[in-house]
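Okay, so here's the structure we're looking at.
The values are calculated or read from the model by the stated rules, or taken from the named source; none is laboratory data. What you are looking at is a predicted structure, and each value in this text was computed from that prediction instead of being measured. Ideal geometry is used to build each Cβ from the backbone, glycine not excepted, and the neighbour counts take in all protein chains shown.
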């Protein structure tokens with residue numbers, strides 16, 4: 001490939017554009033759980049390209065798409081924040097991870113505009129919710145956890161706090177871990193982390209759904 005015009009990291013993967021207008025997408029498989037994905041490639045302010053790619057494009061190999069040359073025009077590339085292909089709400093899982101000392105793991109993510117949240121993601125076909133949260137935690141922060149119980153179910157409908165405007169159903173689980181010193185963030189979904197006391201967490205810059213999870217964890221069990 002020729003010298004890159006620019007490279008951008010997105011929830012779809014690493015996206016690179018060269019001066020000839022060639023767009024390469026290096027996917028992150030675990031974020032792809034739909035039969036197809038629609039996204040916009042804004043090659044300049046006046047030109048919008050909307051393409052639909054089948055899921056198998058993203059599974060095992062990079063995909064190359066050639067658009068008209070960029071030339072010397074000012075250019076930028078972004079993923080559409082108003083998804084247009086959703087038919088049903090998407091179920092996802094999250095894990096509130098508690099270590100042996102009773103501290104909880106909070107992470108920061110660009111997807112949540114750098115607010116503090118908890119690890120989690122989509123449920124894959126044939127996967128239980130419990131297996132899904134174990135896998136997502138391992139992928140995003142490198143921890144082995146066991147699921148104690150379902151803590152909270154929430155609904156997010158086109159929330160402005162998340163980068164993608166979609167309808168989600170969140171299944172948030174209480175998880176335990178014993179290897180808290182082995183946190184290894186993936187630097188794609190997650191950009192930072194910290195262990196904090198649950199009460200302290202409520203004084204921090206949490207996104208609203210994680211705040212609900214922490215409050216549920218701290219509330220007396222009935």
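Conditions tested, residue by residue: (1) in a helix (DSSP H, G or I); (2) modelled with pLDDT under 95.
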position: 163; (1), (2): no, yes
position: 175; (1), (2): no, no
position: 194; (1), (2): no, no
position: 211; (1), (2): yes, no
(message) Please go through (1) surrounded by 16 or more Cβ atoms within 10 Å (Cβ to Cβ); (2) under 18 Å from residue 92 (Cα atoms); (3) in contact with a strand residue (DSSP E or B) (Cβ under 7 Å, 6 or more places away or on another chain) for residue 129 and return the number of the only condition it doesn't satisfy.
(response) (1)
(message) Can you go through 139, 124 and tell me which one is in the same structural domain as residue 202 (by TED's automatic domain parsing), outside any loop (DSSP other than H, G, I, E, B) and over 21 Å from residue 211 (Cβ atoms)?
(response) 139
(message) Could you check the stretch 184-195 and list, in sequence order, the residues that are farther than 29 Å from residue 221 by Cα and either touching a residue at least 12 places away in the same chain (Cβ under 8 Å) or buried (at least 16 other Cβ atoms within 10 Å of the Cβ) (or both)?
(response) 184, 185, 186, 188, 189, 190, 191, 192
(request) Consider residue 216 carefully, then state whether it is more than 15 Å from the chain's Cα centre (by Cα) and in contact (Cβ under 8 Å) with a residue 12 or more places away in the chain. (result) yes
(request) Could you please let me know if residue 121 is modelled with pLDDT of 95 or more and under 13 Å from the mean Cα position of the chain (by Cα)? (result) yes
(request) Would you be able to say whether some residue in the stretch 81-91 is at pLDDT 65 or above, in contact with a strand residue (DSSP E or B) (Cβ under 8 Å, 6 or more places away or on another chain) and not in a loop (DSSP other than H, G, I, E, B)? (result) yes
